[in-house]
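Below you'll find the structure, written out as structure tokens, and then a few comments.
The values are calculated or read from the model by the stated rules, or taken from the named source; none is laboratory data. If you're wondering where the values come from, they're calculated on a predicted model, not measured in any experiment. Heads up, the Cβs are rebuilt from the backbone with ideal geometry, glycines too, and the neighbour counts pull from every protein chain shown. Areas reflect the complete protein model, heavy atoms only, side chains present, ligands, DNA and RNA absent. Shrake-Rupley method; radii C 1.70, N 1.55, O 1.52, S 1.80 Å.
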Amino acid sequence: MYPTQQHTRRLGDWVSLLSETQLPRMPNHSLDYDLAPRDLATQVYGDPALVLNVIRALNAIAPRHFEGGIHSMEDAILLRGSGGLEKIRNAMPDAQAQLSAANYRGYLFTCERAIHAACQARRWAWLLADLLPNEVFTAAMLRHTAELVMWVHDHGAVMRTIHEMAPEPAYAAEAEYVTLGFSLGELNQALARNWKLPGLVAESSDSFATDMGSPRSWAVGLAYRLAALARQGWEHPEMGPLLEALGELLEFDEAATREEIVRGAHDAAELLPWKPVTFAPLLNTDPDTESTDEAANPYLSHGEAKGGVCLAPRPRVFTRIRKELEQRNYERAAEQSRLRSTNPRACDVIVNLVLSGLYDGLALSRVLYAELHPDGETLRARFALGAAGDPQFHRFRVDIARPSLIQELMAKPAAVWLTPRRYERIRGRAPVALHNIAAERSFFIASLYVDSQPWGLFYADRRRVDNELDEATFKSFRQLCALGSLRLKEQVKARKCD
């Protein structure tokens with residue numbers, strides 16, 4: 001277990017600190033400025049840092065010319081011309097000259113994942129008849145902005161710390177929190193808003209909201225997740241849920257979904273000036289073929305999650321959040337909510353405060369809030385912490401009109417602790433959505449009532465099955481959920497949750 005570090009900088013402080021960071025250009029990436037704008041844009045897309053720098057530069061002036069800013073390189077070249085593009089690129093330092101050997105390798109792997117995610121998302125946008133597929137491409141690429149910037153800042157100290165704890169990007173959520181006090185997704189969202197990046201970047205970077213808002217942002221989210229998992233290959237246990245979610249989005253069966261992913265990986269390989277590493281297994285039709293990446297690499301593993309970190313309980317944080325709820329002090333929570341949403345509901349602020357208490361205070365590393373829809377029959381995921389990008393959490397839905405364990409739980413205010421042994425006895429009554437996220441773990445679950453009416457449900461567990469739950473944590477979980485219910489009741493009566 002890694003001890004929690006002191007978080008001396010808040011999210012807003014990091015945004016200010018990183019505002020002047022200059023990303024370097026990728027090696028072996030050249031541009032032919034005499035090409036037609038569309039062909040030149042295709043070349044520009046081969047360097048995520050150049051794409052970011054161009055959009056940042058142009059969106060500072062774009063509102064005078066383009067309502068909503070610049071969303072693609074085609075628009076950027078039409079607005080600025082090849083001469084303006086050349087000026088921006090020439091001002092960028094060379095990555096190999098600017099970065100140490102370790103940082104250079106990590107930076108290039110992030111660039112590669114960004115290109116891979118972008119190519120996948122654009123193909124899916126085409127299949128969904130999106131009118132602006134390159135806008136989706138750009139958003140998927142810039143979903144990696146925070147990670148790219150962190151490889152450059154302070155000689156990559158933050159990224160090295162994160163990867164020493166959890167080398168695989170798909171398992172880095174707890175490591176990011178221990179190191180920064182928030183996730184890279186939250187930082188990406190804040191940077192996107194501050195740097196006037198396309199709105200789809202901020203929307204798809206939301207690490208709290210389970211509802212991505214649109215098929216476009218869900219496609220970006222799935223592409224980001226796929227790029228993080230790709231190195232582990234098809235047999236990784238989390239690849240199945242991702243294939244299922246993507247198949248649902250595209251209305252493909254599993255075989256067709258795999259074929260589409262392979263095509264997207266080939267598209268990405270064509271953009272790279274080197275042989276792919278992070279998504280090589282998706283291109284490899286022979287599972288017995290050895291990886292082409294023979295160099296020692298602390299940032300990649302093969303097939304299994306490598307490393308990992310358990311969150312440490314933080315009693316002071318839990319006590320502070322409990323007192324904020326008791327004293328109806330929502331100022332700090334509202335400020336955090338505004339970083340994620342331009343107009344958060346009062347009820348959302350309270351729910352997010354409870355989730356923060358469970359995650360930050362009790363070290364419950366995967367927490368979910370599902371809200372009961374106005375139909376009174378459908379529980380649907382609304383917020384999550386520690387499970388960003390996990391399709392099982394994003395797609396959590398339960399019909400409580402049907403007999404099940406959740407229906408019984410929602411019949412009255414209640415909190416339950418289910419160990420794997422206890423769960424086995426009631427497995428037949430557990431809805432599929434609950435079974436999918438629990439995955440043989442011990443977990444807490446509580447129904448949320450407001451003024452004698454069912455309102456929602458809290459679920460919490462710990463990602464690592466060897467990080468066991470205990471009676472004291474369950475009592476604190478139940479206390480915080482009950483206190484949140486009381487405060488929500490007040491907001492509903494004041495009509496602040498509409």
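Counting only residues that are assigned to a helix (DSSP H, G or I) and over 20 Å from V220 (Cβ atoms), the stretch 270-285 holds 4 of them. Can you go through A255, A245 and tell me which one is crowded, with 19+ Cβ neighbours inside 10 Å, in a helix (DSSP H, G or I) and hydrophobic (A, V, I, L, M, F, W, C)? The conditions single out A245. The combined condition, being in contact (Cβ under 8 Å) with a residue 12 or more places away in the chain, of a type outside the set (V, I, T) and farther than 21 Å from A268 by Cβ, is fulfilled by L85.
For the subset of the stretch 203-230 comprising residues that are assigned to a helix (DSSP H, G or I) and among the polar types (S, T, N, Q), which member is surrounded by the fewest Cβ atoms within 10 Å (Cβ to Cβ)? Please lay out each step first, then the result.
Kept after step one, since they are assigned to a helix (DSSP H, G or I), are these residues of the stretch 203-230: 203-204, 215-230.
Subset that is among the polar types (S, T, N, Q): 204, 217.
On the way: S204: 31, S217: 25.
In this case the residue turns out to be S217.
When D390 is tested against the conditions (1) touching a residue at least 40 places away in the same chain (Cβ under 8 Å); (2) among the acidic types (D, E); (3) open to solvent by 30 Å² or more (accessible area, probe 1.4 Å), the lone failure is (3).
Taking helices (runs of 4 or more DSSP H) as the structural unit, those lying wholly within the stretch 84-145 and holding at least 3 residues that are buried (at least 16 other Cβ atoms within 10 Å of the Cβ) correspond to 101-127, 133-142.
When the stretch 28-77 is filtered for residues that are polar (S, T, N, Q), modelled with pLDDT under 90 and either touching a Phe, Trp or Tyr at 6+ places or on another chain (Cβ under 7 Å) or open to solvent by 30 Å² or more (accessible area, probe 1.4 Å) (or both), the ones remaining, listed by number, are N28, S30. Applying a threshold of 7 Å to beta carbon distances and a minimum spacing of six or more residues, or different chains, the list of pairs starting in the stretch 62-76 at a residue that is under 12 Å from K196 (Cβ atoms) and ending at one that is among the acidic types (D, E) and at pLDDT 55 or above reads F66/D75; H71/E135.
On the basis of being touching a residue at least 40 places away in the same chain (Cβ under 8 Å), closer than 17 Å to F443 by Cα, part of a loop (DSSP other than H, G, I, E, B) and in contact with a helix residue (DSSP H, G or I) (Cβ under 8 Å, 6 or more places away or on another chain), does L311 make the cut?
Values: touching a residue at least 40 places away in the same chain (Cβ under 8 Å): yes; closer than 17 Å to F443 by Cα: yes; part of a loop (DSSP other than H, G, I, E, B): yes; in contact with a helix residue (DSSP H, G or I) (Cβ under 8 Å, 6 or more places away or on another chain): yes.
Spelling it out, L311 is indeed touching a residue at least 40 places away in the same chain (Cβ under 8 Å), closer than 17 Å to F443 by Cα, part of a loop (DSSP other than H, G, I, E, B) and in contact with a helix residue (DSSP H, G or I) (Cβ under 8 Å, 6 or more places away or on another chain).
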